[in-house]
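Inspection log for the structure reproduced underneath, given as structure tokens.
Bear in mind these aren't lab numbers, they're just calculated from the coordinates by the rules spelled out. Just so we're clear, the structure is a prediction, and the values are computed from it rather than from any experiment. Virtual Cβ from ideal backbone geometry, glycine too; neighbours counted across all protein chains shown.
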Amino acid sequence: MIVVTAAGGPTGTAVVRARDLPVRAVVARRGDRPELTALGAEVVVAELTAPMQWDRVLVGAQAMYLIWPNFDPDEAEGAPALFAEARRARLPRLVYHWVLHRPQLRAMQHHAAKDRAEEALDGSDLRDVAGAAAVLLTEDGLDGGTFEAAGPQALTAPRLAELIGARLGRDVVADDVVPGREVPTGYAARCARAMVDHYRAHGFAGSPRLLTALLGRPPRTYAEHLVDVLTPEVKG
């Protein structure tokens with residue numbers, strides 16, 4: 001049994017789908033989850049930051065894939081608390097879904113939260129991310145490592161637009177809209193602004209070699225990814 005948190009999101013669902021193994025899918029809100037039940041997952045409702053008996057969620061599990069909600073200010077304290085719950089439940093393996101580069105940039109608050117959470121532990125196609133996650137969750141010899149999941153190309157926004165346009169069969173233009181000087185007041189909005197400002201100035205690229213090794217094949221290119229997610233327009 002593998003426990004996957006934030007299982008209702010695109011990454012969580014991709015991890016649930018990656019292997020034909022028993023999965024306990026943790027979601028934050030009640031309601032029907034046909035995409036998860038169709039995959040044979042046992043759906044459990046649990047708030048990651050709420051007090052609860054996590055031993056019941058983790059009972060019988062061999063591993064957990066922990067995805068923390070994006071831009072959550074409680075991650076720095078909440079994730080280590082959940083690590084402790086996993087230790088108490090004697091969970092054999094935990095894989096923490098993380099940002100691409102080790103987040104030393106304190107200017108990005110949500111990265112700083114991930115950094116502090118990681119201290120408590122010592123741009124790809126989601127199917128490739130999920131495939132790598134499945135390897136980490138099920139195979140021995142990889143514990144204690146940090147693994148980048150980066151695609152095989154360093155892509156700029158204009159190049160992304162060019163590839164999307166080629167797939168759709170029409171012109172697509174990337175327009176970088178720089179926000180005004182006003183500073184957002186909400187935590188998530190401030191984090192998003194700082195993240196995009198940093199990527200605009202410095203880019204966001206990583207090496208594909210680790211992902212290639214985990215998958216046993218080269219990761220999908222962006223053009224290959226678009227084949228499955230965009231349908232070309234039919235011109236009359």
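Quick look at the values:
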item: Residue order, fewest to most surrounding Cβ atoms within 10 angstrom, among I67, I164, I2; result: I164, I67, I2
item: Electrostatic dipole magnitude of the chain [Cβ: Lys, Arg +1; Asp, Glu -1; Cα centre; debye, to 20]; result: 100 debye
item: Rg followed by Dmax, in Å, when the chain is reduced to its Cα trace; result: 19.0, 63
item: Highest to lowest packing among 8-14, 28-34, 179-185, 156-162, scored as the average C-beta count within 10 Å; result: 8-14, 156-162, 28-34, 179-185
item: Backbone HN-Hα couplings from phi across segment 90-95 [Karplus 6.51/-1.76/1.60, Hz, Gly and Pro as x]; result: 6, 5, x, 8, 10, 10
item: Computed over segment 143-212, Kirkwood Rh from alpha-carbon pairs, angstrom; result: 15.0 Å
